[in-house]
Amino acid sequence: MGSAHKIDVSGLVAGNRGGLVVDDRVPVAPFEGVLFPEAAAVHLELQASGELLEIQGTIDVPLTSECARCLGTVAESMHVKVDEQVEAGASLQDGPFEESNVLTAGRLDVADLAAQLIYSAIPIGLLCKEDCKGICPRCGENRNSKECECNGETSG
Ligand SMILES: [Zn+2]
Ligand SMILES: [Zn+2]
């Protein structure tokens, strides 16, 4: 199953095809406390321009995490816009994806590409809701579910 999400783009890069559309669902591994309970829906449109592979499209994936304020569960969906260029030439070794080999031997690893783009787009400080009241620093009560008695007092 490890290579199930690899797309052969060698014909595209060689100029034999005008373009390639990829629709795939790829599982995404947890990342820094963020879990992805469902596979990401990946839609990519690939175009070759010389030795450059242009990748445009969208990635949609639900995620769950801990609220940065109250430690409750955050459940939302991420929508990532894809607009990337990957060097496809054999002689070119630089580029942001070089280390992870998103593109090797004419094959694009859609799962790896999606994971990297999702990870880099995860918002910092996810909140269960915009106006999360957080945990009371004095008594530890979750202020979303209950107003504690020290509510309103900010210093001792
Ligand atoms: Zn919260
Ligand atoms: Zn309190």
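Look at Leu71 and say whether it is on the phi > 0 side of the Ramachandran plot and modelled with pLDDT under 95. For Leu71, the condition - on the phi > 0 side of the Ramachandran plot and modelled with pLDDT under 95 - is met. Residues that are part of a loop (DSSP other than H, G, I, E, B), on the phi < 0 side of the Ramachandran plot and modelled with pLDDT of 95 or more occur in region 39-54; there is at least one.
When the residues of region 5-35 are narrowed to those that are in a strand (DSSP E or B) and touching a residue at least 40 places away in the same chain (Cβ under 8 Å), which ends up surrounded by the most Cβ atoms within 10 Å (Cβ to Cβ)? If we take residues in region 5-35 being in a strand (DSSP E or B) and touching a residue at least 40 places away in the same chain (Cβ under 8 Å), then Val26 is surrounded by the most Cβ atoms within 10 Å (Cβ to Cβ).
The values are calculated or read from the model by the stated rules, or taken from the named source; none is laboratory data. Treat the numbers as computed from the prediction; the structure is a model and nothing was measured. A quick note on method: Cβ atoms are made from the backbone with ideal geometry, for glycine too, and the neighbour counts reach across all protein chains shown.
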